[in-house]
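A.B. asks: Just dropping this structure here.
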Amino acid sequence: MGRIDAVWSEQGTSPDKIEGALRQLLVEIHTQHREFVPARVLNMIAFVDREWSGEIANRLRGVGRYHASRMVVLSYEPGRERLDARVMIAAESDPAPGEIALLRETVVVELGDCHMDNLLTIADPLVVTDLPTLLWSPHGHHEIVADLMPLAQAVLLDSVVEPDAREAVERAFELTGQAYVVDLAWLRSTPWRERVAAMFDPPAMRRELGRLSSVSVRHHAASTAAATLLVGWLGSRLKWQLGPLRGGPDERLATATSRGQEISVKLETDPELQVPGLAGLTVGTTDGLSLSLDRGPGGLRARLARNGGEPRQWTIPGASRGETGVLGEGIRQALLRDPTYVPALEAARAMLA
Amino acid sequence: MAIAAEQPDTPEQSENPLTAGLERLPVAPTTLVIFGATGDLARRKLLPALYNLAHDGALPERFHLVGVSRKEKEHEDYRTECEEAIKRFSRRKPDEEVLKGLLDNVKYVPGMFDDPEVYSELKAVLEEFEHEAGEPLNRAFYLSTAPGFFPVIVDQLGESQLAHHPDAEVRLIIEKPFGTTLEEARELNRRVLGRFEESQVYRIDHYLGKETVQNMMAFRFANGMFEPLWNRNYIDSVQITASEDLGIGTRAGYYDEAGALRDLIQNHMLQLLCHVAMEPPVSFTAEEVRNEKVKVLQAVSEPTVAEIPEMALRAQYTAGHAGGEDVPGYLEEDGVPAGSKTETYAALRLEVNNWRWAGVPFYLRTGKRLARKVTEIAVTLKPVPHLAFSQEGSLGIQPNQLVLTLQPNEGVSLRLGAKIPGTRMIIRPVNMEFLYGTAFLSQSPEAYERLITDAMRGDATLFTRNDEVEAQWRICDPIVKAWHPSQQPGPPVATYEAGSQGPVEAERLLRGDDRWRAI
């Protein structure tokens with residue numbers, strides 16, 4: 001049989017009609033094609049500016065299997081008075097013989113200023129009861145996030161999008177008191193955190209963690225928040241007292257202390273880096289060990305030197321996830337809980353205070 | 001303002017404080033040596049698994065691969081073969097840069113497995129890697145050869161001082177089959193443990209690397225509602241099925257030697273039985289989990305010669321239909337010896353003689369060319385003690401049945417009695433279904449990706465221990481012997497039409513009102 005692609009739309013509609021259409025389409029599909037079953041993992045509500053909704057739709061299309069089971073796009077257009085909606089139910093692929101294929105539901109609601117006061121009652125009927133809901137407002141609209149928060153168990157944000165790193169970190173911290181925060185800036189640092197953790201995992205290297213004396217992070221000009229979170233992670237895991245960052249946008253310095261020992265912290269922009277995120281990291285120890293990780297083709301380029309000796313260099317293979325990969329990972333992370341983010345965020349706040 | 005974050009460990013602690021919260025735990029720098037590096041398993045499974053681990057950034061910080069095989073070839077030629085295999089069999093399209101990074105660290109050592117020179121050369125390659133790294137690297141020797149070479153390679157590794165390393169871990173990964181009889185398994189264990197410690201040995205049963213099998217542990221031990229019913233007081237029978245709709249394909253040489261009993265029941269299906277019947281382990285460490293599985297296997301009686309005809313059945317498929325096409329019978333398949341008595345279907349009735357399971361039959365069946373491909377565990381509960389409803393006009397009230405499907409659609413289905421809408425109280429069975437595929441965003445890793453990573457990390461939970469393997473063989477060995485071609489005339493070989501539900505003779509294994517589930 002062919003791929004499922006069911007559509008319903010109505011102008012001047014209402015939430016209960018949209019919800020009814022969703023149910024009806026699912027019943028029709030199930031009656032005709034039992035091998036197609038609705039995914040029931042996660043709701044996602046995206047509040048977007050209508051003029052940028054195409055770009056958001058493109059980003060979401062790229063996340064592939066990480067697409068939320070039910071995606072509710074609230075597309076805001078100033079001055080709009082009529083509520084219009086489209087419901088699309090689609091399967092990404094045909095099922096193999098004897099197997100099932102997953103259906104994913106997308107609801108796009110066009111709305112305007114006059115609907116803002118009752119936004120919660122518009123979105124509420126459209127999410128699947130008992131599934132966790134992830135809330136994303138990529139174009140700002142902090143007040144809307146607050147309005148929709150009763151529906152959400154997790155909030156997706158990207159601290160590198162905010163023009164000011166300090167405000168971004170404060171904003172993320174504020175949200176952690178209300179829901180689980182999935183910060184794409186944090187997820188961009190995941191491969192770096194994994195590699196640093198692995199480098200210091202052998203017992204001989206683990207002892208060096210207590211002797212760290214310098215940390216330098218190279219980052220995209222707009223990714224100070226990501227760099228700060230990486231240092232915040234290291235500091236929070238190693239019980240450092242982190243002081244405030246000083247300096248201009250291209251190079252910021254700070255000092256951390258740990259059991260009487262000072263650790264110098266440097267964040268510097270890498271003008272070569274074309275994508276948001278981190279370009280490299282170097283840590284040094286009091287006994288002359290220096291370890292660097294830098295972006296490279298096909299993975300991270302590692303460089304290890306001891307006491308001024310001949311450095312050893314090698315590549316740690318790993319494919320870049322790209323921005324859509326990071327977004328997909330963000331959606332997946334809404335179902336997990338990382339206990340190290342909030343301590344890292346608190347440490348980043350201290351640095352950006 | 002300066003703050004001190006909460007919760008962290010200190011560097012003095014033995015735990016690495018940086019691994020908290022990470023989904024992927026570090027794997028120590030390792031050199032993996034594959035014996036049988038040009039074989040089918042290496043090309044189809046191991047090399048693609050290594051590439052996918054590299055793609056995901058899940059290989060150790062330093063990783064080297066050494067292929068060892070009989071064929072003469074240069075390092076570069078072997079790298080080209082690896083590249084071709086990865087491009088052909090990887091579950092994702094390879095990223096050229098990542099692939100190059102992986103292949104840059106590949107070397108090849110040619111030679112016969114019993115030739116000490118091969119091991120001298122191998123040792124030199126391993127030491128060269130360590131010299132380049134400036135640190136000792138763990139070593140994992142993966143035996144992916146024909147089983148006949150396992151003892152030879154193990155002995156040579158021991159003789160050449162490669163079984164241990166003063167400053168690094170050395171691990172031995174052994175593919176299945178681990179022996180073809182109890183005696184062979186014992187002898188292989190004796191040879192292996194003469195050179196390696198048990199803690200160094202990782203016996204592969206790739207079924208254990210499947211998410212679906214691991215999910216069974218979560219199903220049983222992370223949900224409070226099933227365990228109170230999980231015993232002989234409430235469970236009537238357990239049926240484990242692993243059926244395939246395909247025939248033997250091009251594997252006649254292997255399959256005619258092995259047969260269904262050794263191919264699937266002795267290893268995979270007994271593992272499934274263990275997962276159903278085991279007691280909750282104290283913790284999910286390798287030793288605790290394997291201790292509980294061994295207890296289950298030890299509670300299964302070794303069948304006597306007299307009991308075998310009553311509790312075991314073998315059969316062969318004859319010509320029939322599959323997928324709308326005519327297909328040949330087993331004896332007409334290419335490469336199958338004329339008059340072969342090798343079973344393409346095997347069914348057993350076992351009992352787990354312990355406090356929890358006494359009297360509950362465990363039915364196991366597997367076969368090729370059956371109606372459908374399915375692997376499932378069906379747990380049938382005892383009927384309700386008293387029926388207040390009339391069964392007139394209904395399909396009859398059937399006992400609850402919990403079905404754990406491992407493939408193709410992993411899920412859980414519970415058969416319940418429900419009232420048919422209307423004025424009369426008529427009951428019919430309905431199914432409440434849960435499909436794992438609808439409830440998770442993540443893709444399951446390939447079994448070999450998981451198993452290779454676990455072996456490199458030193459986590460043996462998903463590998464079979466020496467006593468476990470021998471306990472599995474203890475159950476199957478008497479049947480293997482009874483069905484051996486040397487036993488003349490031996491028990492009859494039943495037949496079943498290709499594409500059918502299996503031999504009708506399998507009914508005689510069932511007790512009371514038990515019925516085989518439709519495949």
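A.B. asks: Hey, how many Å between the Cα centroid of the range A:200-251 and the Cα centroid of the range A:298-322?
C.D. replies: Their Cα centres are 18 Å away from one another.
A.B. asks: Taking the Cα centre as origin and putting +1 on Lys and Arg beta-carbons and -1 on Asp and Glu beta-carbons, what dipole magnitude results for the protein assembly as shown, to the nearest 20 debye?
C.D. replies: 1260 debye
A.B. asks: I'd like to verify something in chain A: which complete DSSP H helices, judged by Cα projection on the helix axis, reach 15 Å or more and average at least -0.5 on the Kyte-Doolittle scale?
C.D. replies: A:15-32, A:165-176, A:224-237, A:322-333, A:341-352
A.B. asks: Nearest 10 degrees is fine. How inclined is helix B:116-133 to the longest principal axis of chain B, computing both from alpha carbons?
C.D. replies: In chain B, helix B:116-133 runs at an angle near 70 degrees to the longest axis.
A.B. asks: A follow-up question, please. Residue farthest toward the positive end of the dipole of the protein assembly as shown, with Cβ of Lys/Arg at +1 and Asp/Glu at -1: which of B:TRP473, B:LEU53, B:HIS75?
C.D. replies: The one lying farthest along the dipole's positive direction is B:TRP473.
A.B. asks: If packing is taken as the average number of other Cβ atoms within 10 Å across a peptide's residues, how do B:268-279, A:174-185 rank, most packed first?
C.D. replies: In descending order of packing, they fall as B:268-279, A:174-185.
A.B. asks: Between the range B:193-231 and the range B:269-299, how far is it from one alpha carbon centroid to the other, in angstrom?
C.D. replies: 7 Å
A.B. asks: A further question follows. Take peptide A:231-242, look around each residue's Cβ out to 10 angstrom, count Cβ atoms belonging to other protein chains, and average those counts.
C.D. replies: Rounded to a whole number, the mean comes out at 5.
A.B. asks: Hey, what D do you get for the range B:459-519 in µm²/s if you plug the Kirkwood alpha-carbon radius into Stokes-Einstein at 10 °C and 1.306 mPa s?
C.D. replies: Estimated diffusion coefficient is 105 µm²/s.
A.B. asks: Still on this structure, please answer the following. Taking H as built 1.01 Å from N, whose amide H comes closer than 5 Å to the amide H of B:ILE173, not counting residues under 5 places away?
C.D. replies: Placed amide hydrogens put B:PHE141, B:TYR142, B:LEU143, B:TYR202 under 5 Å from B:ILE173.
A.B. asks: If you bin the C-alpha pair distances of the range A:170-270 every 5 Å from 0, what whole percents do you get?
C.D. replies: 2, 11, 21, 22, 21, 14, 7, 1, 0
A.B. asks: Evaluate E = 1/(1 + (r/R0)^6) for A:GLU99 and A:SER214, where r is the Cβ-Cβ distance and R0 equals 56 Å; express this FRET efficiency to the nearest 0.05.
C.D. replies: Approximately 0.55, to the nearest 0.05.
A.B. asks: Any idea what angle helix B:211-221 forms with the longest principal axis of chain B, computed on alpha-carbon atoms, 0 to 90 degrees, nearest 10?
C.D. replies: Helix B:211-221 and the main axis of chain B meet at about 60 degrees.
A.B. asks: Turning to a different aspect of this structure: Rounded to the nearest 500, what is the 222 nm mean residue ellipticity of chain B from helices alone, with -39500 (n - 2.57) per DSSP H run of 4+ residues and division by all residues?
C.D. replies: The helix contribution divided over chain B gives -9000 deg cm²/dmol.
A.B. asks: If you don't mind, another one. Multiply the residue gap between B:ARG372 and B:SER199 by 0.36 nm, knock off their C-alpha separation, and tell me the result in nm, one decimal place.
C.D. replies: Extra length from B:ARG372 to B:SER199 when fully extended: 58.3 nm.
A.B. asks: Just in the range B:243-312: which trypsin sites (Lys or Arg not before Pro) are loop by DSSP and have at most 16 other Cβ atoms within 10 Å?
C.D. replies: Filter output for the range B:243-312: B:ARG251.
A.B. asks: Something else: Quick one: of the DSSP bridges fully inside the protein assembly as shown, what percent are antiparallel, nearest 5?
C.D. replies: About 60 percent, rounded to the nearest 5.
A.B. asks: In nanometres, what is the gap between the two model label sites at A:GLU272 and B:ARG186, each 7 Å from Cα along Cα-to-Cβ?
C.D. replies: 6.5 nm
A.B. asks: Taking the range B:218-293, how much of its Cα-Cα pair set, in percent, is spaced more than 13 angstrom apart?
C.D. replies: Result for the distance tail: 76 percent.
A.B. asks: Something else now. Got a sec to turn the phi values of the range B:243-251 into Karplus ³J(HN,Hα) couplings, 6.51 cos²θ - 1.76 cosθ + 1.60 with θ = phi - 60°, whole Hz, x for Gly and Pro?
C.D. replies: 10, 10, 8, 7, x, 8, x, 9, 9
A.B. asks: When N is the residue count of chain A, what does its C-alpha Rg come to as a fraction of 2.2 N^0.38 Å?
C.D. replies: 1.14
A.B. asks: Shifting gears a bit: Of all trypsin sites (Lys or Arg not before Pro) in the range B:80-154, which ones are in loop regions per DSSP and have a Cβ with at most 14 other Cβ atoms within 10 Å?
C.D. replies: B:ARG91, B:ARG92
A.B. asks: Let me ask something else about it. Rounded to the nearest 500, what is chain A's calculated 222 nm mean residue ellipticity when only DSSP H runs of at least 4 contribute -39500 (n - 2.57) each, over all residues?
C.D. replies: -9000 deg cm²/dmol
A.B. asks: Does the range A:14-108 come out rounded, prolate or oblate, given a ≥ b ≥ c as the square roots of the eigenvalues of its C-alpha gyration tensor, rounded meaning a/c under 1.5 and, failing that, prolate meaning a/b above b/c?
C.D. replies: It is oblate, given that a/c is not under 1.5 and a/b is not larger than b/c.
A.B. asks: Per-residue counts of other Cβ atoms within 10 Å, averaged by peptide: what ranking do you get for A:262-269, B:365-372, highest first?
C.D. replies: In decreasing order of mean packing, A:262-269, B:365-372 become B:365-372, A:262-269.
A.B. asks: Counting only Cα atoms, I'd like the Rg/Rh figure for the range B:285-389, Kirkwood definition for Rh.
C.D. replies: Result: Rg/Rh = 1.09.
A.B. asks: Next question, about the same structure. Checking a compactness column here: for chain B, what do you get for Rg(Cα) / (2.2 N^0.38 Å), N being the number of residues?
C.D. replies: That works out to 1.07 for chain B.
A.B. asks: Moving on. Where does the Debye-calculated log10 I(q)/I(0) of the range A:207-250 sit at q = 0.19 Å⁻¹, using only Cα point scatterers of equal weight, no solvent?
C.D. replies: -0.66
A.B. asks: While we're on this one: Just subtract the alpha-carbon distance of B:ARG232 and B:ALA146 from 0.36 nm times their residue separation and send over the number in nm, one decimal.
C.D. replies: 26.8 nm
A.B. asks: Using every alpha carbon pair in the protein assembly as shown, what percent of pairs falls into each 20 Å bin from 0 up to the bin containing the largest distance?
C.D. replies: Calculated over all Cα pairs of the protein assembly as shown, the distribution is 13, 39, 36, 12, 0 percent.
A.B. asks: Helix B:182-195 versus the longest principal axis of chain B: what angle, 0 to 90°, nearest 10, using Cα atoms?
C.D. replies: It works out to around 30 degrees.
A.B. asks: Then there's this: Non-local amide H neighbours of A:ILE45 (under 5 Å, H modeled in plane, Pro and chain starts lacking H): which ones?
C.D. replies: The list, which skips near neighbours in sequence, is A:VAL72, A:LEU134, A:LEU135, A:TRP136.
A.B. asks: Leaving ligands, DNA and RNA out of it, report the carbon-plus-sulfur percent of the accessible area of chain A at a 1.4 Å probe.
C.D. replies: 49 percent
A.B. asks: Leaving out ligands and nucleic acids, note down the accessible area per residue over chain A with a 1.4 angstrom probe, in whole Å².
C.D. replies: 41 Å²
A.B. asks: I need the calculated FRET efficiency for the pair B:VAL282 and B:PHE434, taking r as the beta carbon distance and R₀ as 30 Å, to the nearest 0.05.
C.D. replies: 0.60
A.B. asks: Additional query: Average partner chain C-beta neighbours within 10 Å, per residue of B:56-66?
C.D. replies: 4
A.B. asks: What fraction, in whole percent, of alpha-carbon pairs in the range A:129-217 exceed 23 Å separation?
C.D. replies: Across the range A:129-217, Cα pairs with separations above 23 Å total 42 percent.
A.B. asks: I'd like the projected area of the range B:23-107, averaged over all directions, using the convex hull of its alpha carbons. Report it in nm² with one decimal.
C.D. replies: Average of the hull's projected areas for the range B:23-107 equals 5.3 nm².
A.B. asks: Let me ask something additional. Determine, for each peptide in B:128-134, A:32-38, the mean count of other beta carbons within 10 angstrom over its residues, then list the peptides with the highest first.
C.D. replies: Packing order, densest peptide first, comes out as A:32-38, B:128-134.
A.B. asks: At most 15 other Cβ atoms within 10 Å and a DSSP loop assignment: could you name the GluC sites (Glu not before Pro) in the range B:372-419 that fit?
C.D. replies: Listed in order of number, the matching sites are B:GLU392.
A.B. asks: What's the FRET efficiency of A:GLU251 with A:ARG312 using the Cβ-Cβ distance as r and R₀ = 35 Å, to the nearest 0.05?
C.D. replies: Approximately 0.80, to the nearest 0.05.
A.B. asks: How are the alpha carbon pair distances in the range B:355-413 distributed across 10 Å bins from zero to the largest one, expressed in percent?
C.D. replies: For the range B:355-413, the binned pair fractions read 17, 35, 31, 17, 1 percent.
A.B. asks: While we're on this one: Is the C-alpha gyration tensor of the range B:399-482 telling us rounded, prolate or oblate? Criteria: a/c under 1.5 is rounded; beyond that, a/b larger than b/c is prolate, otherwise oblate.
C.D. replies: Here the range B:399-482 falls in the oblate category.
A.B. asks: Turning to a different aspect of this structure: How shielded is B:430-440 by partner chains, expressed as the average number of their Cβ atoms within 10 Å of its Cβ atoms?
C.D. replies: Average neighbour count from other chains, rounded to a whole number: 3.
A.B. asks: When only Cα pairs under 8 Å and 6 or more residues apart are kept, what is the percent relative contact order across chain A?
C.D. replies: Value for chain A: 16 percent.
A.B. asks: Still on this structure, I have one more. List the pairs from B:LYS176/B:LYS293; B:LYS341/B:LYS481; B:LYS210/B:LYS481; B:LYS341/B:LYS368; B:LYS45/B:LYS87; B:LYS45/B:LYS100 whose alpha-carbon separation is above 22 Å, in the order I gave them.
C.D. replies: In this structure, B:LYS210/B:LYS481 exceed 22 Å between Cα atoms.
The values are calculated or read from the model by the stated rules, or taken from the named source; none is laboratory data. Predicted model only: the values in this text are computed from it and were never measured. Using ideal geometry, Cβ is built from the backbone for each residue, glycine included, and neighbour counts are taken over all protein chains shown. With ligands, DNA and RNA removed, areas are computed over all heavy atoms of the protein, side chains included. Shrake-Rupley method; radii C 1.70, N 1.55, O 1.52, S 1.80 Å.
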